[in-house]
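Read through the structure below, which is laid out as structure tokens, and then see the notes.
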Amino acid sequence: MNCRVALFVLAVMYGAVGASGSTETISLTAKIGEDIILKTGIPELHGDSEILWTHGPNKDVIIHYENGKLLWIRKGSDRSEKFELDAKTGSLIIRSLNVSDGGFYHGHIINGNDSNCNFNLTFVKSDPIPTIAGPTQTTTAHGPADGGTQWNHIAVGASFGILGLICFVLLIWALSQKKIKGNRQGDNGVV
């Protein structure tokens, strides 16, 4: 019977980890020439965080940041500073968008917990009348409910953990009731 209890606890824990690891993809639409920020939703990273941003179906590495050091950053086709990392939050900034910047972006942050964020960037047609003066527009993408996916994962994981604890307590209670009932039946047959 102890083996069943252990398997039950493992199943509940595995379910909590599996549910907390799911990440939705946020669809974004921007205009060519704009800047965009892909926000992780993390308010502040630890000093020993690791951040990896990839782009496209081949998951080409754009930025790799670890322990306060930028290990890799991909340059724009004109060798410009196309990509930038907000080292405080792990958010990715893309400057002067062009058609090749469209597609799937994946951010993986190891900051005490694993946190993933996915974005799919597409473009709308630019205005037919060009802008003559003014600052570059910036589009900002937020994680779910702007609270960030990490807090959502923690909430889901905690909910499954509490559910698992309740199930475990009910299972132990049911087993103890069965044992008590079994002892009573054994007493009735003794003279």
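The values are calculated or read from the model by the stated rules, or taken from the named source; none is laboratory data. Just so it is clear, the structure is predicted and the values come from calculations on it, not from any experiment. We place every Cβ from the backbone using ideal geometry, glycine too, and count neighbours over all the protein chains shown.
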Scanning region 23-56 residue by residue, those over 16 Å from the mean Cα position of the chain (by Cα), under 13 Å from residue 102 (Cα atoms) and among the hydrophobic types (A, V, I, L, M, F, W, C) turn out to be 28, 30, 32, 36
Per the filter on region 100-112, residues of a type outside the set (D, E, K, R) and either in contact with a strand residue (DSSP E or B) (Cβ under 7 Å, 6 or more places away or on another chain) or under 13 Å from residue 85 (Cβ atoms) (or both) are 102, 103, 104, 105, 106, 107, 108, 109, 110
Scanning region 89-116 for residues that are over 11 Å from residue 51 (Cα atoms) and not polar (S, T, N, Q) gives 93, 94, 95, 97, 99, 101, 102, 103, 104, 105, 112
Given (1) under 19 Å from residue 108 (Cβ atoms); (2) modelled with pLDDT under 85; (3) exposed (fewer than 12 other Cβ atoms within 10 Å of the Cβ); (4) of a type outside the set (Ser, Thr, Tyr), residue 21 misses just (3)
